[in-house]
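Take a look at the structure below.
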Amino acid sequence: MSMLAVPIIAVLALALSFLSIVAILVLSARYKAILGVAQSQSQANELLITSLQSAHEQLQVEYANLAAKHEQSFIENTQVSKQLEHRIKTLQAYVNEQQVALEQLQGEQGEDKFYARAIKLAKKGAELDEIVSECELPRAEAEMLLSVYQRTTRP
């Protein structure tokens, strides 16, 4: 080897060492920047996680409140429904009773019409045979009506 080769190798070795140091410094700066970005993202993610956990806890509390209100409303609605069912049954029974009473009154009204007509005829002075034939009353009842109502209408 020549004498010139040793200093060239040394210069080359020195240049390679220098380039290696520069490359290490550049890479180190890049990694520090990437590490800084990663740390910033990590902190942002931690803040986001904390915020989401807080929101989750709030939602759980709201859900629990809504569930309690729903349960209370369900109980109240069930009670109201039972009360309304009872009222409906009571009213249906009352309506049925009224229908039976109405049917009875309508049945009796047919007979009452004849008596009311007979009384009007008696008050007007109608004859016994006329009352019997028009009102379909027995002769004895027609005589009784005539005797009662002709006496009250006569002076």
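So P155 passes all but one of these: (1) at pLDDT below 75; (2) part of a helix (DSSP H, G or I). Which condition number does it fail?
For P155, the exception is condition (2).
Quick test of your reading of the structure: E76 fulfils all but one of (1) modelled with pLDDT of 85 or more; (2) in contact with a Cys (Cβ under 7 Å, 6 or more places away or on another chain). Name the failing condition by number.
With respect to (1) modelled with pLDDT of 85 or more; (2) in contact with a Cys (Cβ under 7 Å, 6 or more places away or on another chain), E76 is out only on (2).
Of all residues in region 1-53, count the ones that are over 60 Å from the mean Cα position of the chain (by Cα) and of a type in the set (A, V, I, L, M).
The total comes to 23.
Name the pairs whose Cβ atoms lie under 8 Å apart, with the first residue in region 96-115 and closer than 17 Å to L137 by Cβ and in a helix (DSSP H, G or I), the second modelled with pLDDT of 80 or more and not small (G, A, S), and 6 or more positions between them or separate chains?
F114/C135; F114/E136; F114/L137; Y115/C135; Y115/L137; Y115/L145
The values are calculated or read from the model by the stated rules, or taken from the named source; none is laboratory data. Just so it is clear, the structure is predicted and the values come from calculations on it, not from any experiment. A quick note on method: Cβ atoms are made from the backbone with ideal geometry, for glycine too, and the neighbour counts reach across all protein chains shown.
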